[in-house]
1. Which of the residues spanning the range B:47-70 are over 21 Å from A:G229 (Cβ atoms) and within 7 Å of chain A (Cβ to nearest Cβ)?
2. Being at pLDDT below 90, out of contact with any Pro (no Cβ under 9 Å at 6 or more places or on another chain) and crowded, with 20+ Cβ neighbours inside 10 Å narrows it down to one residue among A:V55, A:V30, A:V40; which is it?
3. Mind telling me which of the residues A:Y143, A:Y175 ends up being farther than 14 Å from B:G46 by Cβ, of a type in the set (S, T, Y), more than 13 Å from the chain's Cα centre (by Cα) and within 11 Å of another protein chain (Cβ to nearest Cβ)?
4. Any chance you could count how many residues in the range A:57-82 are touching a helix residue (DSSP H, G or I) at 6+ places or on another chain (Cβ under 6 Å) and over 23 Å from B:A22 (Cβ atoms)?
5. Taking the range B:16-46, which residues are more than 7 Å from chain A (Cβ to nearest Cβ) and either closer than 15 Å to A:A228 by Cβ or among the hydroxyl-bearing types (S, T, Y) (or both)?
6. Given (1) over 25 Å from A:A209 (Cα atoms); (2) in contact (Cβ under 8 Å) with a residue 60 or more places away in the chain; (3) surrounded by 17 or more Cβ atoms within 10 Å (Cβ to Cβ), where does A:L118 come up short, assuming only one miss?
7. Tally up the residues in the range A:31-80 that are facing chain B (nearest Cβ under 8 Å) and within 21 Å of B:I88 (Cβ to Cβ), please.
Amino acid sequence: MNTLESVLNDPPASTPHSELRRGALAALPVLLGFIPLALVLGAQASQHQLKAGEVALMTGLNFGGGSEFAAIELWTSPPALLVIVAMTLLVNSRHLLMGATLAPHLRHLPLKKALGALFFMCDESWAMGLADARQRGGFSLPYFMGVSLCLWTTWVSFSTLGVLLGPLLGDLHSYGLDMAFAAIFLVLLKGMWKGVHAALPWLFSLITAGLFFLMIPGGWYVLAGTLAGLLSAYLWAKP
Amino acid sequence: MIDMTTLVTILGMAVVTYLTRALGFVLLRKRTLGPQLSQVLNAAPGCVLIAVIAPKFVSGHPADLIALALTGYAASRYSILPVVLFAIVVTAALRAALPT
């Protein structure tokens, strides 16, 4: 067989370790968005009398930025348990769909492994895992875990650090760091682009989410926008 | 010492968040969707991403809107790291030039 040729043409055999590393490296640009946001979260938590250990516990176990900002916004002492848990559920309800889109990629794995990996699924690791699967023709769990662990460690450590540094940080808004997420998401959307027709549900999602954000307080806009987009996709789908 | 209500609230958040992460997968694990539903599910990633950043599109601040448009253009041509750096620099510069 053409051993030499296949050696020259194939990328070096990927081991789980090298895939983990590849994922962690791919996540580095995302950290530019994660680090400042985590510091701001910690700083806001300290203003609501949360201690560093409590923030570490919350971000480590919950690991969902949007829901954590919402929770801290609503935090009183003692906290309103039901309101905060309900808000968390609402803000994170998009995970249901995200998990569903991963089902074809994870179903061949042992259930425990899949359920463990899903604990770390966030917007970025999920979208990057799917984009990588599309590019390379298969979902790589170690790549996904490399992205996820890099993001999780950063999120937990910098949000905890934010509690301690909070009063020193000042206004991070002026630095433009918050635009990092829009940038990341737009690049990921570009990777999913399959023509104008396929992107029409995105437009419905954007318009609905924008209107909900402007007119309805609370975390409804992500859920409303996503559902509007899916509804339009359903109506247009060719049976 | 961590306060009891704080602990229970954090654990409650963790439980519902994990359920949202696991449930979509668990429900679809043993099923294959029809072509229509899988077409709908194919649209889900884009719809989620654009809905999450929708507030940026309706912020009403000229600096942010121009920065967003430039970032969108950059995202259509370049890879993630240069686009992120570009977005941060352009946004900071425009916010300094056009204070709200």
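The values are calculated or read from the model by the stated rules, or taken from the named source; none is laboratory data. None of the values given here were measured: they were computed from a predicted structure. Methodologically, a virtual Cβ is constructed for each residue, glycine included, from the backbone with ideal geometry; neighbour enumeration extends over all protein chains shown.
1. B:A67
2. Working: A:V55 fails: at pLDDT below 90; A:V30 fails: at pLDDT below 90.
Checking each option against the conditions leaves just A:V40.
3. Working: A:Y143 fails: within 11 Å of another protein chain (Cβ to nearest Cβ).
Going through A:Y143, A:Y175 in turn, the sole match is A:Y175.
4. So the count comes out to 4.
5. B:T32, B:S38
6. All conditions are met except number (2).
7. Adding up the residues that qualify gives 3.
Residues checked against (1) among the charged types (D, E, K, R); (2) closer than 30 Å to A:L25 by Cβ; (3) surrounded by 18 or more Cβ atoms within 10 Å (Cβ to Cβ):
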site: B:I53; (1), (2), (3): no, yes, yes
site: B:H61; (1), (2), (3): no, no, no
site: B:A67; (1), (2), (3): no, yes, yes
site: B:S76; (1), (2), (3): no, yes, no
site: B:S79; (1), (2), (3): no, yes, no
site: B:V84; (1), (2), (3): no, yes, yes
site: B:V89; (1), (2), (3): no, yes, no
site: B:P99; (1), (2), (3): no, no, no
